[in-house]
Amino acid sequence: MPKVLVSDPIEQVGLDLLAQVAQVDVKIGLSEEELIKIIPEYDALMIRSGTKVTKDVIEAANQLKIIGRAGVGVDNVDVPAATRKGIIVVNSPEGNTIAAAEHTLAMMLSLARHIPDANAAVKAGQWDRKRFTGVEIYKKTLGIIGLGKIGSHVATVARAMGMKLLAYDPYLSTERAEQLGCRLVELDVLFAESDFITLHLPKTPETQHLINAKTIAKMKPTARIINCARGGIIDEVALVEALKSGRLAGAALDVFENEPLEADSPLRSLGMEAILTPHLGASTEEAQVNVAIDVAEQIRDVLLGLPARSAVNIPGLRPDVLEKLAPYMQLAETLGNLVGQLAGGRVESLEVRLQGELATNESQPIVIAALKGLLSPALRERVNYVNAGLEAKERGIRVVETRDESQRDYAGSLTLIAKSPSMTRSVSGALLSHNELRITSIDDFPISVAPTRYMLLTLHRDMPGIIGKIGTQLGSFNVNIASMQVGRKMVRGNAVMVISLDDPLPEGLLEEILKVPGIRDAYIVNL
Ligand SMILES: NC(=O)C1=CN([C@@H]2O[C@H](COP(=O)(O)OP(=O)(O)OC[C@H]3O[C@@H](n4cnc5c(N)ncnc54)[C@H](O)[C@@H]3O)[C@@H](O)[C@H]2O)C=CC1
Ligand SMILES: O=C(O)C(=O)COP(=O)(O)O
């Protein structure tokens with residue numbers, strides 16, 4: 001049974017789901033050293049934002065197939081290191097959207113009306129109404145930085161509360177922003193005009209300290225800022241300074257540069273102008289059930305050899321697209337493997353020809369599957385859907401894609417042409433009814449063969465007696481033939497023979513076959 005390590009608190013429903021297919025160990029609060037020590041025995045790791053999956057952890061994770069992040073942000077995972085090692089990283093892109101958006105709105109209203117401090121004062125026996133006079137958000141301008149899933153929901157609710165909306169998101173169309181009632185503006189305009197600014201973008205090297213002393217200087221002194229995205233997007237030193245000096249009216253932070261927030265952080269000494277919560281954006285009952293199920297299902301699927309629907313380091317596919325493409329991905333991988341074995345590993349370019357219905361679909365998963373197959377004779381289990389593209393690029397394999405939507409003999413077919421300066425090898429294949437795989441040509445010789453585990457391929461002259469001789473040779477080595485087919489372009493010209501065998505070819509037999517008059521070349525292929 002595979003083993004899953006759960007190193008952050010995850011809802012029971014997710015653990016129960018995993019327990020159907022794996023041994024589940026829950027170990028919370030591990031140090032990096034402790035994690036490095038135990039990770040080699042695990043096939044999957046399930047985390048939230050608490051566990052830091054560093055390069056060293058990934059290097060030690062020799063059996064790990066998948067890291068499941070029960071939430072959105074994967075900035076606590078070294079994703080490039082995982083990709084290089086062929087480890088799938090998945091998340092739950094939508095499971096906590098509403099929770100994080102509602103927390104943001106609660107933070108905004110709390111800032112406007114000083115609710116946390118007023119509550120604390122009443123509980124401490126006071127009744128001071130004047131000190132807690134607030135501001136309205138109605139008709140105020142809200143600047144949203146990052147108008148993705150969470151930013152969009154914040155926009156929808158804020159608009160309904162009568163706010164004017166500005167947004168900055170360099171990857172978003174003006175139309176989408178307008179649909180949400182937002183005016184898409186440059187950052188400086190957003191800073192200058194907003195009464196409230198809320199951050200909903202990922203933390204990346206580019207967004208690190210996006211809010212700093214310089215950018216704060218562009219904001220209104222009455223502005224209030226909310227960060228329920230990621231710590232580090234705001235320079236905390238500059239923020240504390242601005243709040244203390246009155247350069248900025250308020251800040252509500254759910255996330256911090258270092259988490260847990262240091263006991264002596266200057267943020268903790270601020271007054272009611274600052275509201276701090278301990279990374280609670282995703283902490284609702286509903287969101288935790290959503291993300292636990294979403295990610296546990298993906299871990300289960302990957303452990304069962306199925307694709308994951310929300311992988312961040314392999315192409316994500318909608319389930320309906322995946323359902324249609326999965327058999328073609330299997331075809332692409334088989335053909336890639338075949339052409340890789342025929343080419344013998346010196347491939348400099350791979351042409352991927354998509355024909356018929358295959359040409360009308362997304363091609364990236366097909367290309368990746370073909371590359372995985374192509375590289376698997378050399379890299380074995382080290383290559384997978386995660387790192388096949390990267391491995392091919394590093395080996396200097398150029399990929400050329402061509403499409404032809406016209407349908408010929410099959411609804412969809414695929415041809416792979418592998419080239420090196422000294423040779424060109426090509427294979428084609430298609431799907432029959434019930435998604436059965438068929439190899440339909442090798443080096444342009446037409447055939448129709450189901451791929452099997454052990455195969456023998458010959459290139460030979462089409463002449464009487466040759467098939468019999470090969471059959472006799474195999475028989476003399478006690479190898480049973482499951483099926484045999486010959487493809488030729490013209491009578492007595494060149495031909496290919498594809499023989500499916502029940503057993504692997506014994507040592508020495510290939511040499512004997514190559515001695516048969518008329519045989520130009522012969523290959524053992526294991527699919
Ligand atoms: N506090 C919490 O507990 C939670 C925090 N989050 C965080 O919230 C953030 C947003 O999450 P989602 O809306 O789900 O992600 P999303 O991917 O749907 O949206 C992010 C948006 O940011 C935009 N963006 C990227 N770079 C940008 C830049 N330099 N400037 C402006 N916009 C930029 C993208 O185009 C995208 O529209 C993430 O950082 C996520 O980790 C998410 C859930 C809970
Ligand atoms: O989903 C996210 O990005 C979050 O920040 C939520 O983090 P958490 O799962 O609550 O540790």
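Summary of values
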quantity: The stretch 150-199 - Debye-derived log10 I(q)/I(0), Cα point model, q = 0.13, 0.14, 0.26 Å⁻¹; calculated: -0.25, -0.30, -1.08
quantity: For the stretch 443-458, 3J(HN,Hα) per residue [Karplus equation, 6.51 cos²θ - 1.76 cosθ + 1.60, θ = phi - 60°, Hz, x = Gly/Pro]; calculated: 6, 6, 7, x, 9, 8, 10, 7, x, 10, 4, 10, 9, 10, 10, 10
quantity: Partners for Lys52 among lysines (Cα-Cα distance below 23 Å; same-chain residues under 8 apart left out); calculated: Lys3, Lys27, Lys37, Lys65, Lys85, Lys203
quantity: Alpha-carbon centroids, the stretch 1-48 and the stretch 325-377: separation in whole Å; calculated: 34 Å
quantity: Positive minus negative residues near Ala70 (Lys, Arg vs Asp, Glu; Cβ under 12 Å); calculated: -2
quantity: Cα centroid of the stretch 260-312 to Cα centroid of the stretch 426-492, whole Å; calculated: 54 Å
quantity: Cα long-axis angle, helix 319-343 against the chain (0 to 90 degrees, to the nearest 10); calculated: 50 degrees
quantity: Cβ-based net charge around Ile216, under 13 Å, with every Lys or Arg adding one and every Asp or Glu removing one; calculated: +2
quantity: Scattering curve values for the stretch 442-516, log₁₀ I(q)/I(0), Debye with Cα scatterers, q = 0.19 Å⁻¹; calculated: -0.78
quantity: Cα Rg, Dmax (largest Cα-Cα span) when computed across the stretch 1-74, Å; calculated: 11.3, 31
quantity: The stretch 317-451, Cα convex hull volume normalised per residue, Å³; calculated: 102 Å³
quantity: Proximal aspartates and glutamates relative to Lys123, as straight alpha-carbon distance under 20 Å, when same-chain residues fewer than 8 apart are discounted; calculated: Glu273
quantity: Mean residue ellipticity (222 nm) of the chain, computed from DSSP H runs ≥ 4 via -39,500 (n - 2.57), nearest 500; calculated: -10000 deg cm²/dmol
quantity: For the stretch 97-276, the Rg and Dmax computed from alpha carbons only, in angstrom; calculated: 15.7, 52
quantity: Calculated P(r) tail over 32 Å for the chain, as whole % of Cα pairs; calculated: 57 percent
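Values in this text are rule-based calculations from the coordinates and carry no lab data. All figures in this text were calculated on a predicted structure; none of them were measured in a lab. Here the Cβ is made from the backbone with ideal geometry for all residues, glycine too, and neighbour counts use every protein chain on show.
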